[in-house]
1. Run down Val35, Val80, Val50 and say which single residue is in a helix (DSSP H, G or I), of a type in the set (Val, Ile, Thr) and within 18 Å of Asp163 (Cβ to Cβ).
2. Residues Arg90, Arg53, Arg65, Arg61: which one is surrounded by fewer than 17 Cβ atoms within 10 Å (Cβ to Cβ), under 13 Å from the mean Cα position of the chain (by Cα) and in the same structural domain as His112 (by TED's automatic domain parsing)?
Amino acid sequence: MMARYDCPPATARLLSESQVLTYSGRMNEFTEDTVLMLRYRDGDLAAFDVLYRRHNQALYRYLLRLCMNRDAAEDIYQEVWKKIISSRGRYQATAKFNTFLYRVAHNSFIDHARRNKRYSSAEDYDPDTNIHGADEPDMAAEKLLLRRRLDEALASIPDEQRDAFLLHEEGGLGLDAIGLITGVSRETVKSRLRYANNKLRAAFMEPAARQGEDA
């Protein structure tokens, strides 16, 4: 059975587990994502499956923390993969696949935000939910506390800083790639990341400071 956030069968025919394992034996696990996307463009469906498995959870966390709304994140997540699939015939290796993927995700988020003026809510959500499994019970409480602190801190910073931080942390992108995706200079990205990191660090230290005052 496909995971809840897998691409819809109607738009992406993913291989069975046995086929993936057979294919993986022939494919070096360190194969560049760009090469995989070129193979997928040329009809290699197993190459897409490897790409999807590598990037689906980080992409979902990026969108969920950016939107701060589960329904919106799920809609955009599905839209992004549909766009990747539908554009495969036109794909050119002009940038790393990661940059291509998150540029589609960023633009899809912007489009969604324009269509829906209010895209965030105070609903409970868990950006670190493992799509394919669950954490051990003894780790759940600690991780939940850390997640809540991070989410509260992320919600307190401007959208541009949050986007730059998430592209860096969740997408694993460098300054130039983030600048290309968001349409700003390298120095602007640097500044946004610096401010975001300072504000997040301060937000994480604040509860500890309060606890020290109460002691």
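The values are calculated or read from the model by the stated rules, or taken from the named source; none is laboratory data. Here the structure is a predicted model, which means the values were calculated and not measured. Glycine also receives a Cβ, built like all others from the backbone with ideal geometry; neighbour counts cover every protein chain displayed.
1. Result: Val80 is the single residue among Val35, Val80, Val50 that is in a helix (DSSP H, G or I), of a type in the set (Val, Ile, Thr) and within 18 Å of Asp163 (Cβ to Cβ).
2. Arg53
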